[in-house]
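The values are calculated or read from the model by the stated rules, or taken from the named source; none is laboratory data. Being a predicted model, the structure only gives us computed values, none of them experimental. Cβ sites come from the backbone with ideal geometry, for glycine too, and all protein chains shown count toward neighbours. Surface areas here come from the heavy atoms of the whole protein model, side chains and all, with no ligands, DNA or RNA. Shrake-Rupley method; radii C 1.70, N 1.55, O 1.52, S 1.80 Å.
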Amino acid sequence: MNNKKLIDSLTAKGITDAAVLDAIGKIPRERFVEQPFRTVEMCYGESPLPIGHNQTISSVYTVALMTQALALDKKHKVLEIGTGSGYQAAVLSLLSASVFTIERIRDLSLKARRIIESLNIHTVTFIIGDGSIGFREYAPYDRVLITACSPDIPLSLFNQLDEGGIMVAPVASNGFQNICVIEKKNGTMFSKEIAPANFVKLIGKNGYEAQTSKRCGF
Ligand code: SAM
């Protein structure tokens, strides 16, 4: 898909933030996708794609939607939970000052790091571990993005959000998932749902246990 077609299709679905569209246009998504899925239809299609270890890269629309909901600024320090392929972290890096991304599966983190560094992006810090507890060493964060479905809005992560900050996260509810935009105003949480979602589970101390089934809400 050429850039214009991609941008037009995202705009038609409600992605109107020019900086987000620009960042999506600049990051070569095919570099983060496994060889069998590197066709235009698959790479830029509506479904998440496998990246190994039973995990997925989110669709380009989901990445754009969550990124837009973060309302990023070039001065922001961002925490991402669920590095996965590294694609979302690469997009975030073009819109913020620094990105801290946590992945519990070592191989995925190492691979994502190789790809992102090969793109000459040097503002992403890779952490291997349980992101459901956040990463206190660098807190507070202006923005937090969770890219795996959580059983509840994780308080540990809300607590690491700076005053006036925004967290975007897929959260399970009655057998379904919704992408929630959570704001911290005067220390209080304000949350709204913006779209249904279909993410793999957040596994960890403040997420699901490792042996429960792959997708949350079911
Ligand atoms: N952001 C990714 C990308 O751009 O490819 C997609 C993330 S994928 C949908 C969800 C990722 O969250 C998986 O790689 C999974 O291993 C990771 N994950 C699940 N629970 C986690 C946890 N507690 N801490 C860190 N990573 C976690």
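Relative to the Cα centre, what is the charge dipole magnitude of the chain, using +1 at the beta carbon of each Lys and Arg, -1 at the beta carbon of each Asp and Glu, and rounding to the nearest 20 debye?
260 debye
For region 3-216, what is the per residue volume of the convex hull drawn over the alpha-carbon atoms, in cubic angstrom?
Taking the convex hull of the Cα positions in region 3-216, it is 113 Å³ per residue.
Per residue, how much accessible area does region 3-216 have with a 1.4 Å probe, in Å²?
Value returned for region 3-216: 46 Å² of accessible area per residue.
Quick one: length gained pulling T123 to E163 fully straight, 0.36 nm per residue minus the C-alpha distance?
Using 0.36 nm per residue and subtracting the Cα-Cα distance, I get 12.1 nm.
Got a number for carbon plus sulfur as a percent of region 3-216's accessible area, 1.4 Å probe?
Accessible surface attributable to carbon and sulfur in region 3-216 totals 51 percent.
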